[in-house]
């Protein structure tokens, strides 16, 4: 099997393709021949050695988690009706192991892809779609409320934008440049360009902010929340979480990135729901660009240079 390995923390050049024997599924496991691999900001942070401590990743390791593919072998105690099914899964049930043409997984973390749903869309939904649903469960939004999503047309942000628009919220999507602004409008959102100085001033006031950027941009978003507003932090693509002072904490309801591990126990339910929504045409992920597996370093470089929209995928 082919995989991408990180032998040391560093820049994208540390992503190296390696060959190893194809693993045989043990009792309780199934083996998936991979057709698409999700790539995200988290992968780049962990590769640099700057990932959240909760993941505890140390080299050498194979990055990634979310994959789509076809079940090609099952171990003892696994129902053979899985064989030949199109599925999405996380390679190890968590983080790591996804950047490969073959993965092992456990049936509890494997989800059939609904008929008619593109596997590339399914893998784009596995993590980002289930997280978007979880964020809205933790910080509900009512019709008519004004909501900022930052970034607004990334893999997760574009899904949040669609779900919020469908719920009747007025959505403002923080974007970089005219191309992303056009995508935001197609999703039914008002674009707010922050490409010049990482500042959202001039965007008006908001009832809710969903922040996946952090840093200076996140701080400027907090300042735009009306008294009694809600802040939901779920990412730090800037490299730092949003710092929120005591005064803002007193006037707002704050949920930071510590909420993310709380979502994990309900992930299977949310994955099934988001796949259903996509199969029904109510949610469509944006696939920004695809790369051969061997070009994982190029995908990471594009993420770090912000040369992408939506979800990036590797194709083994």
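When you look at residue 79, is it at pLDDT 95 or above and within 18 Å of residue 43 (Cα to Cα), yes or no?
No: the conditions fail for residue 79.
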Which one of these does residue 50 not meet: (1) at pLDDT 95 or above; (2) touching a helix residue (DSSP H, G or I) at 6+ places or on another chain (Cβ under 9 Å); (3) surrounded by fewer than 16 Cβ atoms within 10 Å (Cβ to Cβ); (4) not in a helix (DSSP H, G or I)? (1)
All conditions in (1) out of contact with any strand residue (DSSP E or B) (no Cβ under 8 Å at 6 or more places or on another chain); (2) modelled with pLDDT of 95 or more; (3) not assigned by TED's automatic domain parsing to the domain that holds residue 242 are true of residue 166 except (3)
So, of the residues in segment 186-198 that are under 21 Å from the mean Cα position of the chain (by Cα) and surrounded by fewer than 17 Cβ atoms within 10 Å (Cβ to Cβ), which turns out to be nearest to residue 147 (Cα to Cα)? 188
Consider only pairs whose beta carbons are under 6 Å apart and that are at least six residues apart or on different chains; among these, list those whose first residue lies in segment 15-34 and is within 12 Å of residue 107 (Cα to Cα) and whose second residue is surrounded by fewer than 12 Cβ atoms within 10 Å (Cβ to Cβ). 27/76; 27/77; 28/77
For segment 114-136, state whether one or more residues are in contact (Cβ under 8 Å) with a residue 60 or more places away in the chain, on the phi > 0 side of the Ramachandran plot and assigned to a loop (DSSP other than H, G, I, E, B). yes
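Which is at positive phi and in the same structural domain as residue 229 (by TED's automatic domain parsing), of 188, 178?
Residue meeting the stated conditions: 188.
Residue by residue, here is whether (1) modelled with pLDDT under 95; (2) surrounded by fewer than 19 Cβ atoms within 10 Å (Cβ to Cβ); (3) not in a strand (DSSP E or B) holds:
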position	(1), (2), (3)
178	yes, yes, yes
200	yes, no, yes
207	no, yes, no
222	no, no, yes
232	no, no, no
235	yes, no, yes
250	no, yes, yes
By residue number, the members of segment 257-289 that are surrounded by 18 or more Cβ atoms within 10 Å (Cβ to Cβ), more than 14 Å from the chain's Cα centre (by Cα) and closer than 21 Å to residue 152 by Cβ are 277, 278, 283
Of the residues in segment 114-140, those that are in contact with a strand residue (DSSP E or B) (Cβ under 6 Å, 6 or more places away or on another chain), buried (at least 23 other Cβ atoms within 10 Å of the Cβ) and more than 15 Å from residue 65 (Cα to Cα) number 1
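The values are calculated or read from the model by the stated rules, or taken from the named source; none is laboratory data. Predicted, not measured: the structure shown is a model, and the values here were computed from it. Cβ coordinates were reconstructed from backbone atoms using ideal geometry, including for glycine residues, and neighbour counts include every protein chain displayed.
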